[in-house]
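Step one of this worksheet: look at the structure below.
Read-outs throughout are calculated quantities, based only on the coordinates presented, and are distinct from any laboratory measurement. In this text the structure is predicted, and so the values were computed from the model without any measurement. Every residue, glycine among them, receives a Cβ derived from its backbone with ideal geometry; neighbour counts consider all protein chains shown.
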Amino acid sequence: MSTTIEPRSAATADRGGAPSEIVRVHVPQRSFASELRAIKIVWKRELIRYRSDRIRIATTLVQPLLFLFVLGSGLQTLSAASTHGVDLKTFIYPGILCISVMFTAMFSAASIVWDREFGFLREMMVAPVRRSSIVIGKCLGGATVASFQGVIVLCLAGLVHVPYAPTLILGVFALQVLLAFAITAFGVMVAARITQMQSFMGVMQMVVMPMFFISGALFPVSGLPGWLAVLNRLDPLTYAVDPMRRLVFSHLHISPIARHILDPGVTWWSWHVPALLEAGIVVALGLVMLAIAIWEFSATD
């Protein structure tokens with residue numbers, strides 16, 4: 001049954017002596033439909049915020065484009081011998097697709113800290129819905145926004161000699177969605193315990209940039225020093241970059257030696273990890289971090 005609250009004012013009568021009117025507040029009972037509606041509202045709010053912030057769309061594209069065209073073009077001559085005729089921009093393109101999703105997802109999660117500072121988060125927390133619905137809506141909204149940002153970079157494939165093959169586009173987009181969800185869930189999990197934006201951005205810089213550089217986005221993952229190989233296998237981003245690179249290189253016409261050196265695949269003790277398992281790892285990590293984020297918000301007063 002629904003709950004009806006009947007608050008009364010301190011004065012029981014108006015100036016004419018007539019009894020004051022009772023204000024009835026109707027709080028609907030929680031249901032599956034109401035939770036879905038809450039998830040949709042939070043998800044839609046993220047899209048509206050993203051669409052109205054043109055500067056954010058432009059700034060989150062700057063760093064991926066710098067890595068792709070400035071770094072890729074600048075180091076092309078130096079790396080021409082080691083890439084066996086493959087353009088360096090083509091090689092790092094899968095990693096750039098990942099970093100474009102990462103930064104946008106982190107910005108989406110950062111809005112939780114802003115909402116807490118301005119008091120809007122408290123208003124959402126006292127709403128008659130489960131806090132898990134708020135967290136899920138936030139993660140889905142951030143994943144949608146980050147995936148859209150990744151699509152913008154995906155449209156640049158032709159500029160780095162990557163064909164617009166339907167299977168390639170669909171496969172990369174699916175991996176981007178999974179990565180966007182996992183990174184947003186990670187950001188929400190971290191933001192649940194941080195009260196200042198400066199602290200959140202510091203933590204993100206401390207975590208995100210090492211994840212990007214260790215993942216193999218800018219170098220092949222074979223023949224690494226022992227300590228770096230261990231860190232590479234422990235880096236969650238590795239399992240998003242590698243299947244994207246496999247998809248891209250499967251549609252390129254390059255020599256067998258270039259494919260062997262530049263796209264060796266991730267191995268565990270000489271066993272090549274299948275691409276589907278790598279995608280499953282990304283999904284599993286995203287679900288674990290989502291569960292932790294829900295627990296943190298449920299435990300917050």
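Can I get the semi-axes of the range 241-301's equivalent ellipsoid? Compute them from the C-alpha gyration tensor as square roots of 5 times the eigenvalues, in angstrom, largest first.
Numbers: eigenvalues 264, 30, 12 Å².
Sorted largest first and rounded, they come to 36, 12, 8 Å.
Within the listed set PRO166, PRO210, PRO236, the residue fluctuating most in the Gaussian network model of the chain (springs between alpha-carbon atoms under 10 angstrom) is PRO166. Separation of the range 147-182 and the range 239-301, taken as the distance between their Cα centroids, equals 15 angstrom.
Within the range 179-252, the ratio Rg/Rh, alpha carbon atoms throughout and Rh by Kirkwood, equals 1.06. Bridgeable lysines around LYS138 (alpha carbons under 23 Å apart, same-chain partners fewer than 8 residues away excluded): LYS40, LYS44. Other residues lying with their Cβ under 13 Å from the Cβ of ARG246 contribute a combined charge of -1, Lys and Arg counting +1, Asp and Glu -1.
Amide H to amide H, with H built 1.01 Å from N, THR267 comes under 5 Å of VAL273, counting only residues 5 or more places away or on other chains. Report, in degrees rounded to the nearest 10, the 0 to 90 angle that the Cα long axis of helix 166-191 makes with the longest principal axis of the chain. The helix 166-191 is inclined about 50 degrees to the chain.
Highest mobility in the GNM of the chain, judged by mean-square fluctuation with C-alpha springs under 10 Å and restricted to GLY74, GLY202, GLY95, is found for GLY202. Mind checking the angle between helix 197-214 and the chain's longest principal axis? C-alpha axes, 0 to 90 degrees, to the nearest 10. So the inclination is approximately 30 degrees.
What does the C-alpha gyration tensor say about the overall shape of the range 32-299? Classify as rounded when a/c is under 1.5, otherwise prolate if a/b is larger than b/c, or oblate. It is prolate, given that a/c is not under 1.5 and a/b is the larger ratio.
Please rank THR238, THR267, fewest neighbouring Cβ atoms within 10 Å first, as an exposure proxy. Provide the component values of the computation, followed by the final result.
Numbers: THR238 24, THR267 13.
Fewest-to-most ranking of THR238, THR267: THR267, THR238.
Across the range 127-140, rounded Karplus estimates of 3J(HN,Hα) from the backbone phi angles (6.51 cos²θ - 1.76 cosθ + 1.60, θ = phi - 60°) give 5, x, 9, 5, 5, 4, 5, 5, 5, 5, x, 5, 5, 5 Hz, Gly and Pro being marked x. Computed over the chain, the per-residue total of -39500 (n - 2.57) for DSSP H runs of n ≥ 4 gives a 222 nm mean residue ellipticity of -21500 deg cm²/dmol, rounded to 500.
For the chain, the longest principal axis of the Cα atoms and the long axis of helix 275-299 meet at an angle of about 30 degrees. Legend: ranking of residues TYR164, TYR93 from fewest to most surrounding C-beta atoms inside 10 Å; resulting order TYR164, TYR93. Residues LYS89, LYS40, ranked from the fewest to the most other C-beta atoms within 10 Å, line up as LYS40, LYS89.
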